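Here the structure comes first, spelled out in structure tokens, and everything after it is commentary.
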Amino acid sequence: MLVHLRTLGCRLNEAELESWAQAFQNAGHTIIRDQQTAQLIIINSCAVTQDAVRKSRQLIRRIHRDNPSAKIVASGCYVTLQSDEAAELLGVDLIVSNQDKDRLVELAIAELDIPSMPAMSTEPAEISLFRRGRQRAFIKVQDGCRYRCTFCIVTVARGEEKSTSIEQIIKDINNFVKQGVKEVILTGVHLGGYGADIDHNLADLIQAILQHTSVPRLRLGSLEPWDLPENFFDLFSNPRLMPHLHLPLQSGSDSVLKRMARRCKTAEFSQIVQQARHQVPNINITTDIIVGFPGETEQEWQESFNFIKQTGFGHIHIFTYSTRSGTKAATLPDPVQQTLKKQRSQQLHQLAEQMKQDFLTKNLNEPMEILWEGQKEEFDATKIRVFGYTPNYLRVATIVDHKESLENKIIPAISREIADNALLSELI
């Protein structure tokens, strides 16, 4: 069958999508980018916010409308939390909960009577990642979270923590390396909690990967700041561990953090960032911020804004708080008015943009190794613009001849100017 895979939400969803793609190919099926001609469509849904729920619902409906003859399998947090609603959506042939995600391909083949002919498969499984237009491989190393931040529904949807063995992760990464993948990204619901259930920690895993694989670039997904193992920043002395950390702050006010049930105060966060910048040259620290959390006073907002400005970030994912049923935050008093939330969000977006430009400027005129991706744009009759990422996760663009392909190659470049939130570079 021709199989198309779609996802909304986190990098963990992307990692799961790739594992399903490989499994479908091993069973003799073909992964395609074109949704219109697919015979089977897999959707990995999201429920992190009410907006994500709405988008998941719309995606399922739109896919069925555009390709009514395709069989549809829906999985992910949205269908796990609201399975009855999802089952009623027109066109969904099978719902697979998060608890059964590891068996999605097996269940789809069995429940939908899909033929499985691995012996007759002519397409090698290794091209599934590139066939979907991806260069970097996401590796799911754990699932679930032991903590209960008051705004988060994902811990409910994903369940208890479960870590993948180091041996299996090494095997998966080496498999990707054989296929030509140059960069892997470790991801999980609670990545920093990796190994707590198998007597290991994240540092153990990183050291093992650097020792037992030859992957050129290893990158980390989102990490809670209170989770970093002892001597964590020493690991970055190995240049294969990319100098970028996404550390969710959520608020720069300690009283708001307390209502969120976050486990890291601003002083501790500041100390972590200072240590990172001291030990890891030109590290890019990015973060998440929730604007307008219930009860956020003007004083708390100013505290938060000032702390964010003082800390400085290469990029900020800004979320305007919206009530999420099933979370403790939904029951908290004193909701912030929508107009005030919008005003604060605009103020933070302006600050975030300035900080991003400042960090991009600091990276000008510095030669860097770039992993070039498949995305490209027409520049003129004979040239195209292609894109890639620096080790510290800054987007880079360069102009090459139409016939030249940089896709999935690591080639150094030096940036001379900034445009459209990207570094404009020349190949070295």
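Quick notes
- Residue-wise HN-Hα coupling along the stretch 167-173, computed from phi with Karplus coefficients 6.51, -1.76, 1.60 (Hz; x: Gly, Pro): 4, 5, 5, 4, 4, 5, 5
- Sum of -39500 (n - 2.57) over DSSP H runs of 4+, divided by residues of the chain (222 nm, nearest 500): -10500 deg cm²/dmol
- Length added when fully stretched, residue 147-residue 299, from 0.36 nm per residue minus Cα-Cα: 52.0 nm
- Segment residue 254-residue 402, extension gain: residue separation times 0.36 nm, minus the distance between their alpha carbons: 48.0 nm
- Calculated diffusion of the chain, Stokes-Einstein form, Kirkwood radius summed over Cα pairs, 4 °C and 1.567 mPa s, µm²/s: 56
- For the stretch 131-232, projected area of the alpha-carbon convex hull averaged over all directions, nm²: 7.3
- All lysines inside 17 Å of residue 403 as judged from Cα atoms, apart from same-chain residues fewer than 8 positions distant: 376, 383
- Ratio Rg/Rh, restricted to the stretch 367-427 and using Cα atoms, in which Rh is the Kirkwood radius: 0.93
- For 403, 71, 178, order by how many other beta-carbon atoms lie within 10 Å, fewest first: 403, 178, 71
- The tail of the calculated P(r) for the stretch 2-126, taken as Cα-Cα distances beyond 21 Å, holds 33 percent of the pairs.
- Mean shadow area of the stretch 245-362 over all directions, Cα convex hull, nm²: 7.1
- Given 265/341; 328/356; 265/309, the pairs whose alpha carbons are separated by over 25 Å: 328/356
- Here residue 362 is the anchor, and the aspartates and glutamates within straight C-alpha reach of less than 14 Å, apart from those fewer than 8 places off in the same chain, are 417.
- Comparing Cα centroids, the stretch 294-317 and the stretch 1-60 end up 35 angstrom apart.
- Potential extension, residue 353-residue 174 segment - 0.36 nm per residue separation minus Cα distance: 60.6 nm
- As a ratio to 2.2 N^0.38 Å, the alpha-carbon radius of gyration computed for the stretch 1-69 takes the value 1.13.
- Value of Rg/Rh across the stretch 297-428 [Cα atoms, Kirkwood radius]: 1.14
- Across the stretch 30-79, the fraction of Cα-Cα pairs farther apart than 17 Å, rounded to a whole number, is 34%.
No lab work stands behind these numbers, since they all come straight from the coordinates. Here the structure is a predicted model, which is why all the values come from computation and not from measurement. A quick note on method: Cβ atoms are made from the backbone with ideal geometry, for glycine too, and the neighbour counts reach across all protein chains shown.
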